Amino acid sequence: MPAPIRLRELIRTIRTARTQAEEREMIQKECAAIRSSFREEDNTYRCRNVAKLLYMHMLGYPAHFGQLECLKLIASQKFTDKRIGYLGAMLLLDERQDVHLLMTNCIKNDLNHSTQYVQGLALCTLGCMGSSEMCRDLAGEVEKLLKTSNSYLRKKAALCAVHVIRKVPELMEMFLPATKNLLSEKNHGVLHTSVVLLTEMCERSPDMLAHFRKLVPQLVRILKNLIMSGYSPEHDVSGISDPFLQVRILRLLRILGRSDDDSSEAMNDILAQVATNTETSKNVGNAILYETVLTIMDIKSESGLRVLAINILGRFLLNNDKNIRYVALTSLLKTVQTDHNAVQRHRSTIVDCLKDLDVSIKRRAMELSFALVNGNNIRGMMKELLYFLDSCDPEFKADCASGVFLAAEKYAPSKRWHIDTIMRVLTTAGSYVRDDSVPNLIQLITNSVEMHAYTVQRLYKALLDDISQQPLVQVASWCIGEYGDLLVSGQCEEEEPIQDEVLDVLEGLLVSNLSTPVTRGYSLTAIMKLSTRFTSVNRIKKVVSIYGSTSLILYCCNDPISSWISFNFHLTECPLSVCQTFQLQLLSPSSNVVPALNQGTVTQVIRVLNPQKQQLRMRIKLTYTLKGSPVQDLAEVNNFPPQSWQ
């Protein structure tokens, strides 16, 4: 059989393919040749063929038929064969396939091999894809190599031990004696992997965490040597000595110092040195500073150190790198509750991030801005956030509007300011306001009795300008129906409309193609409410007779607003489709005057058509005048007898 082509030639040939189909044809042809070679048990070119299979696997083509050939290469005595065999095993095998268990004996033999490079291959493979069964069988060999004096093997054994602990946590104590001298090693590779191993053990076991807290002074000493040492070409990265090891040590210190006063106290000084001495002109320094900030904020650090950490994050916000700005905003958002005043100092920089072009940064800046709002800065922050609401992308408007509503409700300096802010949101982003905001806003307006005239005037004027914002139209319709008499009673600050103008606006909502069925329901309900407040009763009767029973007026049965609506008509009959399962018919009340106590009653008959036999519940709102003052009562009836609705 002729010698197969080399890997380099295969790569060159595949790269000449002009189409995907041509590439597939080349791959299939080569795979057929490789299969034939495997069937002939050709040991001469097995290594070359497996290498080509690995390349095809990297391109996304199936190469599973080479798994057993990888095992044969691992069993070979030649290092080049073992290297390709172990690489193939790591790429083509995983612990879900039983065939990988056949490697256990080969790996065990190679872990005890006389050549360190063969031992290193076995450690890498076990640490990459060893199953729990393999880890149990080979943990003893890994522990022995962890105690060896060979730095090359110790660093690989430490990482392999991490994998063993992840697969079989109960074997953790086996490696405890071997960890005693790991931090005394001068080799940075061993130090790095040792810190990774200690971190894994501390994260998985509270007992190990308590045991390794005594190593804090030693870790502090290593970190201090790193930041105070001079130039070392072997470990220098952009003028910083081994930043990878520094980051790993800082993470381990964070775990050891969490919820422990003594450990936190021991590392306060070194954290301050790292924070003040690290160069920030390169990204490497920023990575170390970020890890330092996370450590300071997670341990029981001094207040001055926490302020220093927040100031570092504030400097990050001015960085040109978007990733650095993003992690700074995210970190500040996590700390704003515990260090509110320190974060407040960077408020202007945070608000500037609302203008960033990156959507992720804008979202984090928006969330952090709302977290910074308090009673002292509510006016200034709302001004910035409302400007952002006006100019931001649609994907932000719903969250921003909800945040403004919550902040205004919590910190509003006055009710008038509160109403004005709500009006601004409704007119700016009304279509993006969430459905649950409408009943909440109506409840707010209801409770602000002294602002009823001002509110209904503002909402009426907003309706004249724009009826496309449905939540605005719904709130305005409800308020006009409830307080429409204040529009025409001489209490308005501006020119008052006449009754017919108000009815024209509401009737226009019924026929507008912009109005949703729910909005039309609000509008019709408002018109019916005005029958007791306006003198244009005949016109209202006509509107109700036209629209009252049409299919355009729909209410959802779970709509909290529809259950708050009260009707009071001088109308003999008014069929109204209140929801999709109920139909109400209100008869004329026995009187419009509530008699004195124990001097009589007023009867209002309501006929309910309930074809689907839904359980009845009634919420009643009574508005009346007592000694010249308006009074409002609410009541709810939930105990209707079953025979009334079943």
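Tabulated values for the structure
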quantity: Matching option when the condition is surrounded by fewer than 18 Cβ atoms within 10 Å (Cβ to Cβ), free of Cβ contacts under 8 Å to residues at least 60 places away in the same chain and among the aliphatic types (A, V, I, L, M), among V293, V237; calculated: V237
quantity: Matching residues, the range 182-200, being in a helix (DSSP H, G or I) and either in contact (Cβ under 8 Å) with a residue 60 or more places away in the chain or farther than 21 Å from R258 by Cβ (or both); calculated: L182, S184, H188, G189, V190, L191, H192, T193
quantity: Exclusive hit being surrounded by fewer than 21 Cβ atoms within 10 Å (Cβ to Cβ) and either in contact (Cβ under 8 Å) with a residue 12 or more places away in the chain or hydroxyl-bearing (S, T, Y) (or both), set S477, S431; calculated: S431
quantity: Criterion: touching a residue at least 12 places away in the same chain (Cβ under 8 Å) and under 30 Å from T179 (Cα atoms) - qualifying residue of L146, L68, L59; calculated: L146
quantity: Members of the range 158-192 that are under 24 Å from A266 (Cβ atoms) and of a type outside the set (D, E); calculated: L176, T179, K180, N181, L182, L183, S184, K186, H188, V190, L191, H192
quantity: Residue within the range 477-484 that is among the acidic types (D, E) and more than 16 Å from L503 (Cα to Cα) present; calculated: no
quantity: Within the range 307-324, considering residues that are of a type in the set (A, V, I, L, M) and not in a helix (DSSP H, G or I), the one surrounded by the fewest Cβ atoms within 10 Å (Cβ to Cβ); calculated: L318
quantity: Cross-chain or 6+ apart pairs with Cβ under 8 Å, the range 394-407 first and farther than 17 Å from R379 by Cβ, then of a type in the set (S, T, N, Q); calculated: A401/S437; S402/S437
quantity: Residue ranges of helices (runs of 4 or more DSSP H) in the range 362-437 with at least 3 members among the acidic types (D, E); calculated: 394-411
quantity: Residues of the range 389-422 satisfying the condition of being of a type in the set (A, V, I, L, M, F, W, C) and buried (at least 19 other Cβ atoms within 10 Å of the Cβ); calculated: L389, C392, F396, C400, A401, V404, F405, A407, A408, A412, I419, I422
quantity: Hey, R136 farther than 30 Å from A32 by Cα, surrounded by fewer than 20 Cβ atoms within 10 Å (Cβ to Cβ), touching a Leu at 6+ places or on another chain (Cβ under 9 Å) and at pLDDT 90 or above or not; calculated: yes
quantity: Residue that is over 14 Å from I227 (Cβ atoms) and either of a type in the set (D, E) or out of contact with any strand residue (DSSP E or B) (no Cβ under 6 Å at 6 or more places or on another chain) (or both), where the choices are L250, L305, L271, L289; calculated: L305
quantity: Boolean, L226 is free of Cβ contacts under 8 Å to residues at least 24 places away in the same chain and either crowded, with 20+ Cβ neighbours inside 10 Å or under 25 Å from A328 (Cβ atoms) (or both); calculated: yes
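So that you can scan it fast, the table gives a plain yes or no per residue for (1) assigned by the TED database to the domain that holds K541; (2) of a type in the set (A, V, I, L, M); (3) at pLDDT 75 or above; (4) in contact with a helix residue (DSSP H, G or I) (Cβ under 8 Å, 6 or more places away or on another chain):
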| residue | (1), (2), (3), (4) |
| --- | --- |
| T581 | no, no, no, no |
| L584 | no, yes, no, no |
| S588 | no, no, no, no |
| Q599 | no, no, no, no |
| Q614 | no, no, yes, no |
| Y624 | no, no, no, no |
| G628 | no, no, no, no |
| A635 | no, yes, no, no |
| F640 | no, no, yes, no |
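The values are calculated or read from the model by the stated rules, or taken from the named source; none is laboratory data. What you are looking at is a predicted structure, and each value in this text was computed from that prediction instead of being measured. No Cβ is skipped: glycine too gets one built from the backbone with ideal geometry, and neighbour counts run over all protein chains shown.
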